[in-house]
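Asker: Attaching a single structure in structure tokens format; questions to follow.
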Amino acid sequence: MADTEVRDVLARVLIANDGEVLSRLRLSAAEAARVCNVTPRQLIYWTKKGLVKPSADGEHDYDVYAMEKVIRIRQALAKGYSLEKASQLVQRDLSSLQADAKRLDDLAPEDLEGELRRRLERLEERIVLLRRNLPTSLSVARLRRAVAELARLEIMGELRESANGDGGKSLVMRLGRAVDEIEILLREVQAPA
């Protein structure tokens, strides 16, 4: 059996067992940091600050839920948010997802089916819009990558102060906010009538 076939089978098993394997998975700080693309020092610092909680089973073990939070915080940081703001945004998003999951759990089967059907229809509509506007989306993605690269250069001290006195960090944050605004405007323009 090819690796891709094995992975597909494993993915179906992981889903079929209601996530039992995923819920039991625990990684050390070093392993979790590697998986989440952060340094162990960052992960431990975020844990000490209370932004990320290790699994209930161990003080230095991280479950998939903690790792998901770490990845989301890292992504928010890459967009130019401060660590505290990134953590707040991620916590708000995860709380919203949790509330939505609870609401769906409480629905009667026929109501759940209707809700899932409506969501599927909205997703299909978004796919049509994305296909139509893919070049624009790719441009925004390129802008995001450019901002992330500028942030990396600023951290490494390779950006110099601009002619108008802006430092590298200020430039990166301003560009990040500009890309966010462009993305919001694009969503408003592309929203179905």
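The values are calculated or read from the model by the stated rules, or taken from the named source; none is laboratory data. Just so it is clear, the structure is predicted and the values come from calculations on it, not from any experiment. Neighbour counts are summed over all protein chains in view; Cβ atoms, including those assigned to glycine, are modelled from backbone coordinates with ideal geometry.
Asker: Regarding the stretch 56-66, can at least one residue be identified that is touching a helix residue (DSSP H, G or I) at 6+ places or on another chain (Cβ under 8 Å) and either closer than 21 Å to Met173 by Cβ or at pLDDT 90 or above (or both)?
Answerer: Within the stretch 56-66, not a single residue is touching a helix residue (DSSP H, G or I) at 6+ places or on another chain (Cβ under 8 Å) and either closer than 21 Å to Met173 by Cβ or at pLDDT 90 or above (or both).
Asker: Let me ask another. Report, by residue number, each residue of the stretch 79-108 that is surrounded by 13 or more Cβ atoms within 10 Å (Cβ to Cβ), free of Cβ contacts under 8 Å to residues at least 24 places away in the same chain and aliphatic (A, V, I, L, M).
Answerer: Once the filter is applied, which keeps residues that are surrounded by 13 or more Cβ atoms within 10 Å (Cβ to Cβ), free of Cβ contacts under 8 Å to residues at least 24 places away in the same chain and aliphatic (A, V, I, L, M), the stretch 79-108 yields Ala86, Leu89, Val90, Leu104, Leu107.
Asker: Residue under question is Leu134, and the condition is that it be surrounded by 10 or more Cβ atoms within 10 Å (Cβ to Cβ), at pLDDT 70 or above and hydrophobic (A, V, I, L, M, F, W, C); does it hold? Outline the logic, then answer.
Answerer: Values: surrounded by 10 or more Cβ atoms within 10 Å (Cβ to Cβ): yes; at pLDDT 70 or above: no; hydrophobic (A, V, I, L, M, F, W, C): yes.
Taking the combined requirement at face value, the residue does not satisfy it.
Asker: Let me ask you something else. Which residue pairs have Cβ atoms closer than 6 Å, lie 6 or more positions apart in sequence or on different chains, and pair a first residue in the stretch 117-145 that is of a type in the set (A, V, I, L, M, F, W, C) with a second residue that is surrounded by 11 or more Cβ atoms within 10 Å (Cβ to Cβ) and at pLDDT below 75?
Answerer: Leu129/Gln190; Val140/Glu183; Leu143/Val179
Listed here are the residues, each with its yes/no results for (1) small (Gly, Ala, Ser); (2) surrounded by 14 or more Cβ atoms within 10 Å (Cβ to Cβ); (3) more than 29 Å from Ala178 (Cβ to Cβ).
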| site | (1), (2), (3) |
| --- | --- |
| Arg34 | no, yes, yes |
| Gln42 | no, yes, no |
| Val64 | no, yes, yes |
| Leu77 | no, yes, no |
| Glu110 | no, no, yes |
